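What follows is a short report on a single structure.
The values are calculated or read from the model by the stated rules, or taken from the named source; none is laboratory data. Every value quoted in this text rests on a predicted model; they were computed, and no experiment measured them. Note that we place each Cβ from the backbone using ideal geometry, even for glycine, and neighbour counts take in every protein chain shown. SASA here: full protein model, heavy atoms, side chains in, ligands and nucleic acids out. Shrake-Rupley method; radii C 1.70, N 1.55, O 1.52, S 1.80 Å.
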Amino acid sequence: MTASSPQSSQCVGFLTVCEYESQGLFGGYLVLNTSGRPLEFHCTAPVKPNRAQEILYGATLQAYLHGEQIGQALLEKAKTAPLVVFTDAPAVLTVRNFTSLPVACVMPTAEEVPPDRSGPAGRLRRDEGCLSPPPPFALRLHTFQVGRERLSILQDHRGDAQTIQERWEPLAADFDLREPFGRIREAVDEARRSATRAP
């Protein structure tokens, strides 16, 4: 779905990656106007690394797939340039290395953080309050607050924090940053099921 209107800066992008064990990773990118209505939606074909990629990329595989392979492809398809691109998957933040758009991850609230942090999130590191060195090839994140939301960006693009704050603060009180990701997941799931039903 694409809008026929010309490029607009008064919109917001939401980019996430959905994983299906049998098929692989699907990326979804939804652009909403500031009233929450869709302007564009794009999703990828499934991306599944082969065993050689898993071995050679090692700890950097997730960032490569989420940011470079999926995120970059989706942002290049879009016709509108949003104020900010939000994600709920920290590895997607690496797409910032391939775009001029500010990209921020909506971090979970204290109630949403599971007690066991030994999974893939263990490769992510916020620089505030961490005394130990990061694991090899960890994403170094800068975390900050805008309104009621805790956001993270790549440490290498720390200057984006001020841009995001200036652009998002006037809208923050009236916009639920988590809700659009549910829409994306449902749309990707529907597209995936439709593709498997096709003759």
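For segment 140-166: of the residues being open to solvent by 80 Å² or more (accessible area, probe 1.4 Å) and under 16 Å from Cys105 (Cβ atoms), which is modelled with the lowest pLDDT?
Arg148
Just to be sure before I move on: is Thr87 surrounded by 15 or more Cβ atoms within 10 Å (Cβ to Cβ), farther than 20 Å from Glu179 by Cβ and either at pLDDT 90 or above or among the aromatic types (Phe, Trp, Tyr) (or both) in the structure I sent?
For Thr87, the condition - surrounded by 15 or more Cβ atoms within 10 Å (Cβ to Cβ), farther than 20 Å from Glu179 by Cβ and either at pLDDT 90 or above or among the aromatic types (Phe, Trp, Tyr) (or both) - is not met.
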Review point. In segment 51-105, what residues are under 13 Å from Leu139 (Cβ atoms) and hydroxyl-bearing (Ser, Thr, Tyr)?
Key: Thr60, Tyr64, Thr87, Thr94
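From the list Val31, Val17, Val95, Val12, pick out the single residue that is part of a helix (DSSP H, G or I) and open to solvent by less than 50 Å² (accessible area, probe 1.4 Å).
Numbers: Val31 fails: part of a helix (DSSP H, G or I); Val17 fails: part of a helix (DSSP H, G or I); Val12 fails: part of a helix (DSSP H, G or I).
Result of the check over Val31, Val17, Val95, Val12: Val95.
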Point to revise | Single residue of segment 128-139 satisfying the filter (within 20 Å of Gly58 (Cβ to Cβ) and at pLDDT below 75) that is most open to solvent (accessible area, probe 1.4 Å) | key: Phe137
Exercise for review: Give segment 36-75 a look and list any residue that's in contact (Cβ under 8 Å) with a residue 40 or more places away in the chain and in a helix (DSSP H, G or I), or say none.
Suggested key: Gly58, Ala59, Thr60, Gln62, Ala63, Leu65, His66, Ile70, Gly71, Ala73, Leu74, Leu75
